[in-house]
Amino acid sequence: MSKENNIKNIKRTAAFIVLAIALFVLFIASVNLGSIKMDMNTIVEGIFRKGNEKFDTVYDLRFPRIIVALLAGAGMAVSGTLFQAVLKNPLADPGLIGVSSASAFVAIFITAFFPLYYNYVPIMSFAAGIFAFALVYSLSWKHGLSPLRILLVGIAVQAVFTGLSSSLNAMSGASQSSAAAIVNSNISMKTWKDVNLLLIYLTPGLILSIFFSGSCNILAFQDKTIRGLGINANKLRFYISLIAVLLASSVSAVVGVISFIGLLVPHIGRLIVGNTHKALIPFSMMLGAFIFLLADTVGRMIVYPYEISPSIIMSLIGGPVFIILLRRSESLNAK
C-alpha cells in the first residue's frame, strides 16, 4: 500500500511540475503574441530596469490582461471545486447555480450608473453572490436538498440575472463599453487597476481555500459521521460556501460570467491528481489559470487582428470536452 501511495505522490508531483512548466511557457508565448515581440532577455531587463520603451508598452497593455486571465481562471476553478465539495454535486458550478450571474449583474449596474463607486464593486458583488446562493438553497429545499433540484433552480436564477444584465447593458448609455465588457466577459481593456482589485479580494479567498482543503475532504462523509468527529457539518459548509462565493463574485465583478471553468477544471484535476483536496485545490488553481489564459490567447490570435472573448472560446470547447470527461469518468459512471 505504501508503494502504491509513493507512486501516486510521484505522479502528482510530476503533474504539478509539468503544469507549472506549461503555464510558464504559455505566459511567455502570450506576452509575445501580437505586433510587438520580445525575447526573454528583453523581458528580464524590462522587469529590473526602467526606460525600455518596447517593454513598457507591453507592460501597460498586455501584462494586465494576462494577469487578469490568470487570476480569474484560478479563482473560478477553485470556486467550482469548493461548490462541488459543499453540495456533493459534480455538476455544481458558480455559473450554473446563479452566483456568477448575480454578481455580474450588480457589477454592471454599478459600472453603468455609479462608476465613481467602481472600487466597491467586488464587495457589492459578493453580497449579490451570497443572496443568489441563499436563494437557490431556499428554493431548492423540499424535504432535503436534491442535487438535481439545486441545479435546475440555479439555472432558472442564472437566466433571470443574465436577462437583467443584458437589459442594463442596453440602458447603460455612455458607460456602454464598460458594462458590455462585463456582460461579454471581455478582458481586452483591463488595466492594472483591475489587477489590483482582483488581488485584493482573490488572494485571501485562495489562501483560505487551501486552509480549508482538509475540511473539504471531510464533507465527503455522511453528516452523522462528521458529527461523530465532533464537527458541525452545517457550519463547515457555510464557511466553505462563503469562500467559494467570494472567489466567484470577485471574478464576475471584474471579468464577468465565465463558463465551464468551475465545472470542467475540478473534473480534470480529479482525473490527474485524485480526490484529495489538499492536492486538488492548488492543482485546480494552476489548471484554471492555464486554461483561461489559453482561451484568451487563442481568442486573440485565431481571427487576428480581431478578437474572440475567452468566455466564448470556453463555451465552444468546454461543452464537448466536459461531455467526453463525463463519458470516460469511471467514478461518475458508477454513480
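Here are the numbers for this structure:
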quantity	calculated
Ordering of 15-22, 242-249 by packing [mean C-beta count within 10 Å, highest first]	242-249, 15-22
Zone of VAL18's modelled label, taken as backbone nitrogen in region 252-278 under 15 Å from a point 7 Å along Cα→Cβ	268-274
Most to least packed among 129-142, 285-298, 212-225 [average Cβ atoms within 10 Å]	285-298, 129-142, 212-225
Sulfur and carbon atoms: percent of accessible area, region 260-303 [1.4 Å]	73
Inter-label distance, nm, simple model (7 Å from Cα along the C-beta direction), THR191/THR276	4.6
Kirkwood-type radius of region 190-335, with distances r between different C-alpha atoms, in Å	17.1
In nm, spacing of pseudo-spin labels at TRP141 and THR225 (7 Å Cα→C-beta vector)	2.5
Net length gained if the chain between ASN217 and SER166 were fully extended (0.36 nm per residue, minus Cα distance)	14.5 nm
Phi-based couplings in Hz for region 295-310 (Karplus 6.51, -1.76, 1.60; Gly and Pro marked x)	4, 5, 5, 5, x, 6, 9, 5, 10, 3, x, 7, 10, 10, 4, x
Values of log10 I(q)/I(0), in the order q = 0.22, 0.31, 0.32 Å⁻¹, for region 223-270 under a Debye, Cα-only, solvent-free model	-0.86, -1.03, -1.05
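The values are calculated or read from the model by the stated rules, or taken from the named source; none is laboratory data. Being a predicted model, the structure only gives us computed values, none of them experimental. Heads up, the Cβs are rebuilt from the backbone with ideal geometry, glycines too, and the neighbour counts pull from every protein chain shown. Heavy atoms of the whole protein, side chains included, go into the accessibility calculation; ligands, DNA and RNA do not. Shrake-Rupley method; radii C 1.70, N 1.55, O 1.52, S 1.80 Å.
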